[in-house]
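Derivation of every value follows stated rules applied to the coordinates shown; laboratory data play no part. Nothing here was measured: the structure is a model prediction, and the numbers come from that model. Methodologically, a virtual Cβ is constructed for each residue, glycine included, from the backbone with ideal geometry; neighbour enumeration extends over all protein chains shown.
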Ligand code: SF4
């Protein structure tokens, strides 16, 4: 796109073909806008659908669904396991202490949170004890919950079309790499997203694991450097 724009600019300067430049440039911009509006409206429709979803029992104890947020044209999508206490309360992904650490990691990659798209495997909070008011009451989603919810994430990926999906933790890694090996064996390796070799999947540790075990931080930083290399 930049090459086309530069060529048109050159034509305009050398041959003074102003009308052609303006007409083509205008069409290119309009096309970009339509694409962007389509993406946004597709995501809005999906978000509304999820708000009313009762496909698995997690709807009964949720305060809010947590759809995901960020740049709809992001090159990098971070995918966690599911909402926790704070996320359920606010309806936003990664807003607790683990979310703060994720923001720091993104900033260390010379990016802002708004440059990235962030979401989870399931969109409602999986609880150990069915009381959403209890803190430290999280559990990983079970197979049934994941199988009922995963199509929403797949649709999000199809709309946003990131270049890289970074799986945060074991659950996202298992589902998106279709691999049962331990996260310690899979992190830092590059996979194709299902059969789509245009989207790469790279697993790393969940920020919550880094809070429990700071010695994992250098490994995660190594994975983030690999991501930066892949998108540049
Ligand atoms: S976790 Fe997913 S499938 Fe289950 S109720 Fe929430 S949105 Fe629906």
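Measuring spread by the Cα atoms of the range 53-231 yields a radius of gyration and Dmax of 15.1, 43 Å. Take every pair of alpha-carbon atoms less than 8 Å apart whose residues are at least six positions apart; their mean separation over the length of the chain yields a relative contact order of 19 percent.
Compared with the dominant Cα axis of the chain, that is its longest principal axis, helix 2-15 is turned about 20°. Starting from the Cα gyration tensor of the range 141-232, take the square roots of the eigenvalues, sort them a ≥ b ≥ c, and report rounded, prolate or oblate (rounded when a/c is under 1.5, otherwise prolate if a/b is larger than b/c, else oblate). Taking the square roots of the gyration eigenvalues as a ≥ b ≥ c, the range 141-232 is oblate.
Comparing 77, 109, 161 in a Gaussian network model of the chain (Cα springs below 10 Å), the most mobile by mean-square fluctuation is 109. Counting other Cβ atoms within 10 Å as a rough exposure proxy, the listed residues 53, 167 run 53, 167 from fewest neighbours to most.
Quick check: the angle from helix 217-231's long axis to the longest principal axis of the chain, C-alpha only, nearest 10 degrees? Its long axis makes an angle of about 30 degrees. When the Gaussian network model of the chain links Cα atoms closer than 10 Å, the mean-square fluctuations of 155, 123, 133 top out at 133. Highest GNM mean-square fluctuation among 185, 114, 87, for the chain modelled with Cα contacts below 10 Å: 185. Kindly express, to the nearest 10 degrees and within the range 0 to 90, the angle between helix 18-51's C-alpha long axis and the longest C-alpha principal axis of the chain. Approximately 10 degrees, to the nearest ten.
Taking every DSSP helix (H) stretch of at least 4 residues in the chain, weighting each as -39,500 (n - 2.57) and dividing the sum by the residue count yields a mean residue ellipticity at 222 nm of -16000 deg cm²/dmol.
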